[in-house]
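Taking it in order: structure first as structure tokens, then the write-up.
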């Protein structure tokens, strides 16, 4: 009987990832068909204006440090200080930006750089959760490693 | 702003930048349950599993090492907090992130189990949880591309989200442990430490409840 | 827990439940509020009443830790 | 409020008794009197109770309270006419209770029950598809809106027949001696609540009586409509007897067959929903 056969497959947990994989494939194949009917709404995504000549190339926001910088947000009324430090560079970064054309490629490595990205997109909590996921991953790995050592 | 005739009236919303956590009657109920279960896993001591020696009438109680309990307890609380986040968040991408966090902490809770069978099941479940990130984030990406926003508040009642994104979202949460893939979870649950192991099942059920609400609302 | 405490909890939660019920019907307290409060109080009341029932056998600590 | 809770528990336990009686009569046995479950509950309340030493005390006690709270909340939901989705959530949370009860004591017997309860988690899926279909048809999940809809358009039973079947299956999987009730199966002693005795057992019995009443009441309310309390109670009784018939004449499925049958049902209804949503 087909029910018996199906439950035979479902009851073995080594088939688990295979069953799930098949489900994902079915949905994605069925979804492929519907892709032409989806239309792209780029107008409401967070916009970026890239100035190719700036030393901060992909990351140049323009604007005044601790002043106004135009930053798009879903709910601007929730973030009155939006863009407040978006244009801020640490003194070191500022010096580097004056000296080289390639500051933009390293900016995330500087204090202010990564925070700048977070604040620019105004999605602070997301970044916190992402970091937490990494942290938990490390914690599990460390625990497993030390557990092996103890045995 | 948020008054859908699906989950009851909105009670409270926290204006937190672009991510607006909100409580409707529905999510507030779920959040209350999460808090209760976090408290249980934080303060309760684990049970002592009894094993029966087959072929005789002897039985013995397993002892749990204090160090193992500590890690499991920490991960159970983390799992509870992740669940709380997933339940109250008002943003699809944020929800998917919390779902992934729940998946990882679920495996971590049983990482201290000494039973090979349990660890095997946890491994299989881990693989599924890993694959599940593809449909989860894929769905968030499709929602952002087709509607230009991720906020459930804005999306609520618009009906602008394509079916594909909804299907992928459900599938992604299914990968974090929903039927008919429960077999992996059923084996995991043989591990000991009732308050912590309970959290594994609890978190994935709550994720499922929350994703149902999201799919119906957006 | 001593028997007196259980008795006290049972009586207090019971009285509160009855007051809530009355207030809910008289529309002094709105229906949802009364409902939420009685959801919280009902298990407390029922468990303490149940323990009192069984306390006939074991006076002293109820429930005591067994085997 | 408290009067509703007590009355609902009473009726629920009476329904359990009727259930046992009907099954016994179909199988040609005299069966217990219909107030047997009530007596059971009272008997358990008057028994000596304690917490086993190996148990995880917090979980052991908390699940009893939570099970009462969950089904009280479900009853309050029906009284305040709130969302059907919330009822679905409470039903799903009941799974945690089953699970916690099984795990708390550390006994291998109740653990078997708990593991089966995890395996049978697929029993929530038909309810989900049922809720989704109702939403698609009525455009609202608030019980008051559903009642208004039915007052205008007649009972949902005919319009949303697959949803009714799904909910019927859900109730069937929660009722004792049914084809899907693998969790309470007797070959694993008393299933997940083997280790809960005395007061705990009595209170859980009462909570489960409440559960039966709420589920049946929801079925009548959602699919037949507002017909007044006496007729609703009659509807519940008829529904209970029909369930007992099904339980009496069907064998119990093996755990994984249960999962497969429930998943297939959900899949079929999901296809029907997609068909309704996309093409109709």
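The values are calculated or read from the model by the stated rules, or taken from the named source; none is laboratory data. Keep in mind that what you see is a predicted model, and the values were worked out from it rather than measured. Cβ placement follows ideal geometry from the backbone for every residue including glycine, while neighbour counts extend to all protein chains displayed.
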Taking residue D:256 as meeting all but one of (1) farther than 30 Å from residue D:42 by Cα; (2) at pLDDT 80 or above; (3) part of a helix (DSSP H, G or I), write down the number of the exception. (2)
Residue set B:160, B:140; condition in a loop (DSSP other than H, G, I, E, B) and surrounded by fewer than 24 Cβ atoms within 10 Å (Cβ to Cβ); output residue B:160
Anything in the stretch D:102-129 that is more than 8 Å from every other protein chain (Cβ to nearest Cβ) and either farther than 12 Å from residue D:191 by Cβ or modelled with pLDDT of 85 or more (or both)? List them, or say none. D:123, D:126, D:127, D:129
For residue D:146, indicate whether it is farther than 18 Å from residue D:225 by Cα, more than 9 Å from chain B (Cβ to nearest Cβ) and assigned to a helix (DSSP H, G or I). no
Which of the numbered conditions does residue D:92 fail, given that it passes all the others? Conditions: (1) crowded, with 23+ Cβ neighbours inside 10 Å; (2) at pLDDT 85 or above; (3) at the interface with chain B (Cβ under 9 Å from one of its Cβ atoms). (1)
Restricting attention to the stretch D:36-56, which residues are touching a residue at least 40 places away in the same chain (Cβ under 8 Å) and more than 7 Å from every other protein chain (Cβ to nearest Cβ)? D:37, D:40, D:41, D:42, D:43, D:44
Of all residues in the stretch A:69-89, how many are in contact (Cβ under 8 Å) with a residue 40 or more places away in the chain and touching a helix residue (DSSP H, G or I) at 6+ places or on another chain (Cβ under 8 Å)? 3
Looking at residue B:150 and the list (1) modelled with pLDDT under 85; (2) out of contact with any strand residue (DSSP E or B) (no Cβ under 9 Å at 6 or more places or on another chain), which single condition is not satisfied? (2)
If residue D:85 satisfies all but one of (1) buried (at least 24 other Cβ atoms within 10 Å of the Cβ); (2) closer than 17 Å to residue B:199 by Cβ; (3) without any contact (Cβ under 8 Å) to a residue 60 or more places away in the chain; (4) away from chain C (no Cβ under 12 Å), what's the number of the condition it fails? (2)
Would you check which residues across the stretch C:1-49 are touching a residue at least 40 places away in the same chain (Cβ under 8 Å) and over 8 Å from the mean Cα position of the chain (by Cα) and list them? C:1, C:2, C:3, C:6, C:7
Listed residues A:137, A:98, A:113; which is at pLDDT 70 or above and either away from chain B (no Cβ under 12 Å) or loosely packed, with under 12 Cβ neighbours inside 10 Å (or both)? A:98
Checked the stretch B:182-218 for anything modelled with pLDDT under 75 and more than 9 Å from chain D (Cβ to nearest Cβ); matches are B:184
Look through B:127, B:104 and report the one residue that is surrounded by 23 or more Cβ atoms within 10 Å (Cβ to Cβ), free of Cβ contacts under 8 Å to residues at least 60 places away in the same chain and at the interface with chain A (Cβ under 8 Å from one of its Cβ atoms). B:104
Test result for residue B:179, at pLDDT below 80 and over 14 Å from the mean Cα position of the chain (by Cα): no
So, in the stretch B:73-85, how many residues would count as being facing chain A (nearest Cβ under 10 Å) and touching a residue at least 12 places away in the same chain (Cβ under 8 Å)? 6
For residue A:40, indicate whether it is within 22 Å of the chain's Cα centre (by Cα), over 30 Å from residue B:130 (Cβ atoms) and part of a loop (DSSP other than H, G, I, E, B). no
Segments classed as helices (runs of 4 or more DSSP H), wholly inside the stretch D:1-107, with at least 2 members that are within 14 Å of the chain's Cα centre (by Cα): D:2-26, D:57-80, D:84-104
Exactly one condition in (1) free of Cβ contacts under 8 Å to residues at least 40 places away in the same chain; (2) farther than 22 Å from residue D:131 by Cα; (3) within 10 Å of chain A (Cβ to nearest Cβ) is not met by residue B:164; state its number. (2)
For the list (1) touching a strand residue (DSSP E or B) at 6+ places or on another chain (Cβ under 6 Å); (2) over 30 Å from residue C:23 (Cβ atoms), I need the number of the one condition that residue D:83 fails. (2)
Restricting to the stretch A:66-96, give me the number of residues that are assigned to a helix (DSSP H, G or I) and over 25 Å from the mean Cα position of the chain (by Cα). 5
